[in-house]
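The values are calculated or read from the model by the stated rules, or taken from the named source; none is laboratory data. Just so you know, these numbers come straight off a predicted model, no measurement behind them. Virtual Cβ from ideal backbone geometry, glycine too; neighbours counted across all protein chains shown. Surface areas here come from the heavy atoms of the whole protein model, side chains and all, with no ligands, DNA or RNA. Shrake-Rupley method; radii C 1.70, N 1.55, O 1.52, S 1.80 Å.
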Amino acid sequence: MAYKQRSMWYGGDYNPDQWPEDVWADDMRLMNKAGVNMASVAIFSWAKLQPTEETYDFEWLDRLMDLLHERGVRADLATATASPPAWMAKNYPESLAIDENGVPYGFGSRQHYNPNSPIYRKFASALVRKLAERYKEHPALEMWHVNNEYACHVQRDYSDISERKFREWLKARYGTIEELNERWGTAFWSQRYAAWDEVPLPKHTPTFPNPGQELDYARFMDDCILELYLMEKEILNEVTPDVPVMTNFMGFFKPLNYWKWAPHLDVVTWDSYPDPHEGRPVHAAMAHDLMRSLRGGQPFLLMEQVTGQVNWRPRNALKRPGVMRLWSYQTIAHGGDGILFFQWRQSRAGAEKWHGAMVPHGGEETRIFREVERLGGELKRLDAVVGSRVQAQAAIAFDWDNWRALELPSKPSADVKYVEQVEAVYRALHLANIGVDFVKPTDDLSAYKLVAAPALYMTTAEAAANLESYVEQGGTLLTTFFSGMVDENDRVHLGGYPAPLRKLLGLTVEEFDAMAPGASNRIRSTGAKAWLRGEWSAELWADVIRLEGAEALATFADDFYAGRPAVTANAFGRGSAVHVGTFAEQPFLDALVAGLAAEVGLKPAIEAPEGVEATVRSGANGTFTFLLNHSGQAADVRLPEGRYTDTLAGTSYAAGEALRLEPNGVAVLKHE
């Protein structure tokens, strides 16, 4: 279903079942005061909706849904299956997930169910059907919210049920036990299997488990959890075919391959909680771009963020005045069409009572609520932005299987983390205000002049051929160390590292050096590129490279490979492939990415002072430039050719005029 959104959504998780009904009227008054037009309802209400195995109680939810409709608030109605009630754990202990030591998870928290439990699936399906039948024609119903943050706490199950199902999954994948032995390399350490019933789950082992088995088990559990979502979605589509269905993602979350999940959501939604201690939320911007990219650029919804502070970090920093507003606009600037929070009213009891909310414990006479009210009033002016799309010029290849394989144990360096490597490249593009899409390594890349594929350790034959074709046809590719090493089963590509990329990169990596913590080397420019001059520190890793047609852009300064290439460029067809054989400090990557971007003709969304983020969204209602001041001080942005109106302030500007952004300031400029 193509989700057609009418306005910018604003609201949050609403849990009225935590409060007496005489509080609900005040909730409605405050929602209207704050400009709330969307509420996520009943996410953790299974125990109230089904107090016993035999009984259901929907009357309280009937009254609530009617109340929301009367006050003009749309309902993102949850299926409530995220946390099964106590009676299920008591009557059906086999519904509980089992950890790798064979110990069942206990009741008293959340998400304690076994994803493969027939009992859980039976009761969840029954509840979903009853909810769908009851509310299918309710005028407040806007969309269905399936479960909540799948796999957030339980990503794996080691029950007998899951073990039997894993064997069936492997049979379907490999056909014969001989093929499985070949793919997993079971000749090593006498791991060969003679029959399917010998194949275990990768439980507690004395030392490193089989990496092929670990990788397939991660894929298997991902598939099992996706089955749960699809089970509920099928019921909802049957009963309410015209109501959108979604579940909330969690950004860069390794257990679930969101590329695989996203086609089954009518709209991508996700939960974002950057740490205020970290300052400018570059990682959050990167995750927004990933979420937007999952469905080909379709706008997403931010289903959860916090107004003030979370409760689950060791030290929970408070968002300073203006930061919640600034970060909310960053969401919209990267493709968000809705700003929602966890939660509406701050809980009095329970594990999340110190988690911030739109209505804090202090009520409406608080700074937090005043900021909530201001933001709600402003967002009403942005309905014209809804449905527009971010204009991205560069892309980063991101692959979940690669992430899982790269970070399995027994690697040359346990310090190589995939998302950190991706973020280093993303940061350079982001700080230059160059829009970024995320893509799969096998996607059509022809729309991008610059594509980065950092740390692509697992490189399939299909991915390698696609990258070759992209460069051959005129694209510029940036790769980094430890790429092109293994196939989809974590088996080494033979023929010299990185075998599937060797021709494309014009080099071979003879060996590599994993540096100790705190150790470093230096890299020096060779002068081959005028825009890459200087010396930079490098750590973590060093490829010992032999050139096979590529030229060196920088060389190592120290150790036995001093003078050997550290950064290379290879002309290939009509394009070029650049390889960075170490983890250099951020200023080096900034300089490299800026130089490559200039060579291929990429330009920033707008020329802005350091610390000012700029993005562009375009759609049927026009083009909008977002300016966000993260610098901590006032900044002046000189506007380029054209005329502009600040949608928030109502101020008009002509080309060449300076727009003043106060600290944490925001402008949304419509191009006239």
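Among the candidates MET286, MET250, MET246, the residue that is in contact (Cβ under 8 Å) with a residue 40 or more places away in the chain and in contact with a helix residue (DSSP H, G or I) (Cβ under 8 Å, 6 or more places away or on another chain) is uniquely MET286. Among the residues of the stretch 97-110, those identified as touching a residue at least 24 places away in the same chain (Cβ under 8 Å) and over 15 Å from GLY350 (Cβ atoms) are ALA97, ILE98, ASP99, GLU100, ASN101, GLY102, TYR105.
Surrounded by fewer than 17 Cβ atoms within 10 Å (Cβ to Cβ), of a type outside the set (A, V, I, L, M) and in contact with a Leu (Cβ under 8 Å, 6 or more places away or on another chain): is that true of ARG381 in this structure? Against the criterion (surrounded by fewer than 17 Cβ atoms within 10 Å (Cβ to Cβ), of a type outside the set (A, V, I, L, M) and in contact with a Leu (Cβ under 8 Å, 6 or more places away or on another chain)), ARG381 qualifies. Which one of these does TYR273 not meet: (1) assigned to a loop (DSSP other than H, G, I, E, B); (2) more than 12 Å from the chain's Cα centre (by Cα)? All conditions are met except number (2). For the stretch 156-179, the tally of residues that are surrounded by 13 or more Cβ atoms within 10 Å (Cβ to Cβ) and either of a type in the set (Gly, Ala, Ser) or touching a Lys or Arg at 6+ places or on another chain (Cβ under 8 Å) (or both) stands at 4.
Give just the number: which of (1) closer than 22 Å to TYR470 by Cα; (2) without any contact (Cβ under 8 Å) to a residue 24 or more places away in the chain does SER520 not satisfy? Unmet for SER520, out of (1) closer than 22 Å to TYR470 by Cα; (2) without any contact (Cβ under 8 Å) to a residue 24 or more places away in the chain: (1). Of the listed requirements (1) open to solvent by less than 20 Å² (accessible area, probe 1.4 Å); (2) under 24 Å from ALA285 (Cβ atoms); (3) outside any helix (DSSP H, G or I), GLY484 misses just one: (2). Within the stretch 86-136, being in contact with a helix residue (DSSP H, G or I) (Cβ under 6 Å, 6 or more places away or on another chain), part of a loop (DSSP other than H, G, I, E, B) and closer than 25 Å to MET65 by Cβ holds for one residue alone: LYS136.
Among the criteria (1) farther than 24 Å from THR647 by Cα; (2) of a type in the set (S, T, N, Q); (3) open to solvent by 30 Å² or more (accessible area, probe 1.4 Å), the one SER347 does not fulfil is (3). ARG404 - would you say it is touching a residue at least 60 places away in the same chain (Cβ under 8 Å), of a type in the set (Lys, Arg) and closer than 17 Å to ALA333 by Cβ? For ARG404, the condition - touching a residue at least 60 places away in the same chain (Cβ under 8 Å), of a type in the set (Lys, Arg) and closer than 17 Å to ALA333 by Cβ - is not met. Of the strands (runs of 3 or more DSSP E) lying entirely inside the stretch 368-481, those containing at least 1 residues that are of a type in the set (S, T, N, Q) are 476-480. The residue pairs whose first member lies in the stretch 601-613 and is at positive phi, whose second member is assigned to a loop (DSSP other than H, G, I, E, B), and whose beta carbons are closer than 6 Å, counting only pairs six or more residues apart or on different chains, are GLY611/HIS630; GLY611/SER631.
Here PRO263, PRO255 are screened, and the one residue that is modelled with pLDDT of 95 or more and assigned to a loop (DSSP other than H, G, I, E, B) is PRO255.
Listed here are the residues, each with its yes/no results for (1) of a type in the set (Phe, Trp, Tyr); (2) over 20 Å from VAL439 (Cβ atoms); (3) in a helix (DSSP H, G or I); (4) under 25 Å from the mean Cα position of the chain (by Cα).
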| position | (1), (2), (3), (4) |
| --- | --- |
| LEU226 | no, yes, yes, yes |
| LYS233 | no, yes, yes, yes |
| TRP259 | yes, no, yes, yes |
| ARG280 | no, yes, no, yes |
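For the stretch 650-672, the set of residues classified as in a strand (DSSP E or B) and over 22 Å from SER631 (Cβ atoms) consists of SER652, ALA654, LYS670, HIS671, listed by residue number. TYR135 meets the conditions (1) of a type in the set (Phe, Trp, Tyr); (2) over 30 Å from GLN213 (Cα atoms); (3) surrounded by fewer than 20 Cβ atoms within 10 Å (Cβ to Cβ) in every case but one. The failed one is (3). Among (1) over 15 Å from SER576 (Cβ atoms); (2) in contact (Cβ under 8 Å) with a residue 40 or more places away in the chain, which single condition is ASP444 missing? Answer for ASP444: the failing condition is (2). Number of residues in the stretch 599-621 that are open to solvent by 10 Å² or more (accessible area, probe 1.4 Å) and either among the aromatic types (Phe, Trp, Tyr) or over 19 Å from PHE300 (Cα atoms) (or both) equals 13.
Here's the yes/no breakdown for (1) within 28 Å of ILE119 (Cα to Cα); (2) touching a strand residue (DSSP E or B) at 6+ places or on another chain (Cβ under 7 Å); (3) open to solvent by less than 10 Å² (accessible area, probe 1.4 Å):
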{"position": "HIS204", "(1), (2), (3)": "yes, no, no"}
{"position": "LEU215", "(1), (2), (3)": "yes, no, yes"}
{"position": "MET221", "(1), (2), (3)": "yes, no, yes"}
{"position": "PHE249", "(1), (2), (3)": "yes, yes, yes"}
{"position": "TYR258", "(1), (2), (3)": "yes, yes, yes"}
{"position": "PHE300", "(1), (2), (3)": "no, yes, yes"}
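Go through (1) in contact with a His (Cβ under 7 Å, 6 or more places away or on another chain); (2) open to solvent by 10 Å² or more (accessible area, probe 1.4 Å) and name the single condition HIS277 misses. Single failed check for HIS277: (1).
Residues that are open to solvent by less than 30 Å² (accessible area, probe 1.4 Å) and touching a His at 6+ places or on another chain (Cβ under 7 Å) number at least 3 in the following strands (runs of 3 or more DSSP E) confined to the stretch 1-79: 74-78.
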